[in-house]
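In what follows, a structure is listed as structure tokens, so that the remarks can point back to it.
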Amino acid sequence: MPRHALVVMGTAGAGKSRIGEALATSLQIPFIEGDAFHPPKNVAQMQAGIALTDENRQGWLLALAAQLRDARERNRGVVLTCSALRRRYRDVLRSGDASIRFILLHGNTALLRERLNARTGHYMPVSLLDSQISTLETPSPDENAWSYDAQQTPEEIVNAIIVRLHTETGHPSP
């Protein structure tokens, strides 16, 4: 069975955690919630409605790259969630594992805003969505990324990813 290293990326409200967990379960590999690695200072800043700077994100991205590196060194598959909004952020993640596949979840602003308004228990306020949307740099063709519309059901997205992974590797679905 091939080792899959996947980063589910996108803005807040795109469904990264839900898709990431379901994908990891389907592939029977570990799931890492990238938001859990934000230092308390970053969380407090976002709770206050202040967008993170590149400097704020650097330590967080390095911690996530270390998780990817560890999985690679142990020859384990992994699904990690991270907004990965800019190419330079994705480059930091690739420093942990150059073979990672990015899974971009994108949706229209109304859908993302609706999801964020319905979400409870998360520190990311709706007020930062516009900042994330304007920061997002869609992965270029050389970045090993697949894109999925967040309006699809989680099952549709996960199934499409699984089929694509197994078509690419030539291995049957689990």
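Determine whether GLY13 is outside any helix (DSSP H, G or I), surrounded by fewer than 23 Cβ atoms within 10 Å (Cβ to Cβ), in contact with a helix residue (DSSP H, G or I) (Cβ under 8 Å, 6 or more places away or on another chain) and small (Gly, Ala, Ser).
No; evaluated as a whole, the condition is false for this residue.
Tally up the residues in region 52-74 that are more than 19 Å from ARG88 (Cβ to Cβ) and free of Cβ contacts under 8 Å to residues at least 60 places away in the same chain, please.
Within region 52-74, residues that are more than 19 Å from ARG88 (Cβ to Cβ) and free of Cβ contacts under 8 Å to residues at least 60 places away in the same chain number 3.
Open to solvent by less than 20 Å² (accessible area, probe 1.4 Å), under 21 Å from ALA150 (Cβ atoms), touching a residue at least 40 places away in the same chain (Cβ under 8 Å) and part of a strand (DSSP E or B), is that true of LEU23?
no
Is it fair to say ILE29 is hydrophobic (A, V, I, L, M, F, W, C), surrounded by 17 or more Cβ atoms within 10 Å (Cβ to Cβ) and part of a loop (DSSP other than H, G, I, E, B)?
yes
Which one is modelled with the lowest pLDDT, of the residues in region 32-46 that are part of a helix (DSSP H, G or I) and surrounded by fewer than 16 Cβ atoms within 10 Å (Cβ to Cβ)?
Ranking the qualifying residues of region 32-46, first place goes to VAL43.
Suppose we filter GLY77, GLY49 for residues that are within 20 Å of ILE161 (Cα to Cα) and either in contact (Cβ under 8 Å) with a residue 40 or more places away in the chain or open to solvent by 60 Å² or more (accessible area, probe 1.4 Å) (or both); which single one remains?
The match here is GLY77.
The values are calculated or read from the model by the stated rules, or taken from the named source; none is laboratory data. Remember, it's a predicted structure, so these values are computed and weren't measured experimentally. Reconstructed Cβ throughout: ideal geometry from the backbone, glycine too, with neighbour counts over all protein chains shown. With ligands, DNA and RNA removed, areas are computed over all heavy atoms of the protein, side chains included. Shrake-Rupley method; radii C 1.70, N 1.55, O 1.52, S 1.80 Å.
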